[in-house]
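Reviewing the structure listed below.
The values are calculated or read from the model by the stated rules, or taken from the named source; none is laboratory data. Please read these numbers as outputs of a predicted model, since none were measured by experiment. Cβ: placed from backbone, ideal geometry, glycine included. Neighbour counts: every protein chain shown.
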Amino acid sequence: MNVQLRLTDKGPRVFEINPRFSSTVLMRHRLGYCDVLWAMDEVEGRAVTYPEIAIDKIMVRVQTAAIFDGTQDGVSQ
């Protein structure tokens, strides 16, 4: 489920709920956050294990998912 929030002076407020995975699924998957696979594992009764997610990466949304790793030419697609 994709839930959109706005931060207000009264705290976060939901303004949109979509019963689907977000369009950023591929981006997150490439960073190690595999929520679609985890959801499938959970539905099928398999144990879900969560890896340590890299925090030193920058994700840029383009036609494909690109991860910039901080090196001179550090783009992986």
Legend entry - Pair list, Cβ under 9 Å, 6 or more apart: the stretch 43-62 residue in contact (Cβ under 8 Å) with a residue 24 or more places away in the chain, other residue of a type in the set (Ser, Thr, Tyr) and surrounded by 10 or more Cβ atoms within 10 Å (Cβ to Cβ): MET59/THR24; ARG61/SER23; ARG61/THR24
Legend entry - Within the stretch 1-38, considering residues that are of a type in the set (Val, Ile, Thr) and free of Cβ contacts under 8 Å to residues at least 12 places away in the same chain, the one farthest from THR49 (Cα to Cα): THR8
Inset, instruction - Specify the residue that is surrounded by the most Cβ atoms within 10 Å (Cβ to Cβ); the eligible residues are those in the stretch 16-52 that are farther than 22 Å from GLN4 by Cβ and among the β-branched types (Val, Ile, Thr). - result: VAL48
Inset, instruction - Might you check whether a residue that is surrounded by 10 or more Cβ atoms within 10 Å (Cβ to Cβ) and at pLDDT below 90 occurs anywhere in the stretch 6-15? - result: no
Legend entry - Failed item, numbered, when ASP69 is tested on (1) exposed (fewer than 10 other Cβ atoms within 10 Å of the Cβ); (2) at pLDDT below 75; (3) charged (D, E, K, R): (1)
